[in-house]
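The values are calculated or read from the model by the stated rules, or taken from the named source; none is laboratory data. All values derive from a computational prediction rather than experimental measurement. All Cβ positions, glycine included, derive from the backbone under ideal geometry; neighbour counts span all protein chains shown. Accessible surface areas use protein heavy atoms only, side chains included; no ligands, DNA or RNA. Shrake-Rupley method; radii C 1.70, N 1.55, O 1.52, S 1.80 Å.
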Amino acid sequence: MTHSGRSKFEITRFTNEDENHINRKLPKELLLRILSYLDVVSLCRCAQVSKLWNILALDGSNWQRIDLFEFQRDVEGPVIENISQRCGGFLRQLSLRGCESIGDGSMKTLAQSCPNIEDLNLNKCKKITDQTCQALGRRCSKLQKINLDSCPSVSDISLKALADGCPLLTHVNVSWCQSITESGVEALARGCPKLKSFICKGCKNVNDRAVISLATRCPDLEVLDIQGCETVSDEAVSRLGGALRRLCASGCARLTDASLAALAAAAPRLATLELAQCTQLTDAGFQALARNCRMLERMDLEECVLITDATLVHLSMGCPRLEKLTLSHCDLITDNGIKQLSLSPCAAEHLTVLGLDNCPLVTDEALEHLTSCHNLQLIELYDCQMVTRNAIRKLRNHLPNIKVHAYFAPVTPPAAAGGARPRYCRCCNII
């Protein structure tokens with residue numbers, strides 16, 4: 001076995017030359033095992049200790065998982081090429097998140113040198129194009145997770161290349177890749193039936209056909225994020241299956257109560273549901289959802305402007321595990337709805353975050369009810385004009401560790417006796 005191009009003879013020679021006590025006490029295999037738990041910075045420091053440690057620390061077996069996010073501004077193509085050649089087949093996981101200098105050339109070297117890579121994060125590597133994914137598709141058949149979030153030059157060509165060459169893919173993120181369409185998603189669904197997570201936030205060309213293809217061909221799909229995919233409708237959501245655990249459909253304004261009824265019938269294991277700006281949803285839909293989806297833990301209902309206190313009653317009765325609930329801009333929610341929520345099993349045991357921004361009918365009375373929510377850690381009250389400082393103080397007396405996000409515009413000062421009114425900063429006061 002060689003270690004970064006060095007033979008056992010060289011290791012033995014350096015061991016004999018090195019008088020360091022730990023090197024004589026511990027076998028080299030054990031030193032390698034210890035070094036395998038260190039991060040990139042620590043390994044580089046160890047490599048400077050002695051000739052032997054240089055060999056051991058830079059051994060490819062210690063570089064199976066690399067995260068270069070902290071060095072994103074310094075990482076350029078030659079760095080990735082050197083890492084690729086050093087790690088070779090050992091490399092399993094690599095994060096280049098935020099490394100904007102990385103281009104297709106260095107990624108082609110990576111694909112050629114590291115065929116066993118399983119997890120690759122290229123989030124915000126904005127120079128990456130379809131050529132990178134084509135190289136990965138040709139060389140890296142063991143790839144299971146890839147993050148292409150905010151890589152604007154990535155298109156359907158990338159998804160088709162990955163579908164052809166990486167059948168083991170389980171997690172794909174192409175958020176904000178505006179050129180992605182149903183054609184690429186359909187190809188991915190056909191070629192990667194083991195897909196568990198597909199995230200395409202901001203991909204406005206992803207439509208019903210794309211979602212239906214995923215629902216039909218990927219039975220293990222647990223996470224689907226279609227935030228901002230404005231054309232997705234009830235037809236697609238109604239096809240999603242029982243494995244679904246998280247659905248983000250915020251900004252999908254075409255969805256109606258029919259989607260909620262379909263989810264209630266088909267996805268009883270649903271834990272996270274984000275439906276911000278789905279303005280057609282009503283109490284009837286959430287009644288159906290709460291009846292069957294008892295494992296719900298996180299819900300974002302911001303700007304679901306048609307829901308009333310009745311929705312909170314249904315969630316209180318049907319969703320005992322609810323931890324985080326956002327009701328911002330839900331204009332019809334009142335103190336009575338908050339009261340019903342506070343009396344529920346979920347409020348007493350699990351509720352930690354409650355968002356009530358811009359709920360104009362919420363008053364001090366709502367905060368009095370929330371004093372019974374012993375695990376509440378954060379409440380957001382921006383622009384709740386009927387809530388006073390005094391009520392917030394009382395809530396903090398009962399829940400001393402709670403964070404309250406609110407603001408109050410300063411009172412306009414009276415005119416000065418001399419005539420002109422003094423100028424005061426009108427900035428909001430953060431509570």
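Points worth noting:
- Among the residues of segment 380-396, at least one is among the small types (Gly, Ala, Ser) and over 19 Å from GLU303 (Cβ atoms).
- With respect to the conditions (1) touching a Pro at 6+ places or on another chain (Cβ under 8 Å); (2) of a type in the set (S, T, N, Q); (3) under 30 Å from ALA236 (Cβ atoms); (4) crowded, with 19+ Cβ neighbours inside 10 Å, ASN292 lacks only one, and its number is (4).
- Checking each residue in segment 274-283 for being open to solvent by 30 Å² or more (accessible area, probe 1.4 Å) and within 7 Å of SER250 (Cα to Cα) picks out GLU274, GLN277.
- Inspection of segment 156-172 identifies no residue that is in contact with a Phe, Trp or Tyr (Cβ under 9 Å, 6 or more places away or on another chain) and farther than 26 Å from GLY88 by Cβ.
- Filter result for the condition that a residue is more than 19 Å from GLY137 (Cα to Cα) and under 19 Å from the mean Cα position of the chain (by Cα), over VAL172, VAL223: VAL223
- Counting only helices (runs of 4 or more DSSP H) that sit completely within segment 67-159, those holding 1 or more residues that are closer than 21 Å to ASP39 by Cβ correspond to 77-87, 104-113.
- Test: residue in segment 2-20 that is among the hydrophobic types (A, V, I, L, M, F, W, C), at pLDDT below 80, over 25 Å from SER106 (Cα atoms) and open to solvent by 80 Å² or more (accessible area, probe 1.4 Å): yes
- Flag set for GLY184, criterion: under 21 Å from GLY137 (Cβ atoms), in contact with a helix residue (DSSP H, G or I) (Cβ under 7 Å, 6 or more places away or on another chain), buried (at least 23 other Cβ atoms within 10 Å of the Cβ) and free of Cβ contacts under 8 Å to residues at least 60 places away in the same chain.
- Among the conditions (1) open to solvent by 70 Å² or more (accessible area, probe 1.4 Å); (2) touching a Cys at 6+ places or on another chain (Cβ under 8 Å), CYS384 misses just one, which is (1).
- So LYS324, is it open to solvent by 70 Å² or more (accessible area, probe 1.4 Å), within 27 Å of the chain's Cα centre (by Cα) and modelled with pLDDT of 95 or more: yes
- Failed criterion for VAL185 (all others in (1) assigned to a helix (DSSP H, G or I); (2) β-branched (Val, Ile, Thr); (3) out of contact with any strand residue (DSSP E or B) (no Cβ under 9 Å at 6 or more places or on another chain) hold): (3)
- In the condition set (1) out of contact with any Pro (no Cβ under 9 Å at 6 or more places or on another chain); (2) open to solvent by 10 Å² or more (accessible area, probe 1.4 Å); (3) under 22 Å from LEU378 (Cβ atoms), ILE307 is compliant with all but (2).
- Of all residues in segment 160-182, those that are of a type in the set (A, V, I, L, M) and assigned to a loop (DSSP other than H, G, I, E, B) total 4.
- Residue check for ALA347: more than 31 Å from the chain's Cα centre (by Cα) and at pLDDT below 90: no
- Just one of the listed residues (SER141, SER155, SER106) is within 21 Å of GLU76 (Cα to Cα), of a type in the set (Gly, Ala, Ser) and either surrounded by 24 or more Cβ atoms within 10 Å (Cβ to Cβ) or free of Cβ contacts under 8 Å to residues at least 40 places away in the same chain (or both), and it is SER106.
- Scanning segment 303-318 for residues being in a helix (DSSP H, G or I) and within 26 Å of the chain's Cα centre (by Cα) gives a total of 1.
- Take the conditions (1) open to solvent by less than 10 Å² (accessible area, probe 1.4 Å); (2) more than 25 Å from ALA262 (Cβ to Cβ); CYS192 misses just one of them, which is (2).
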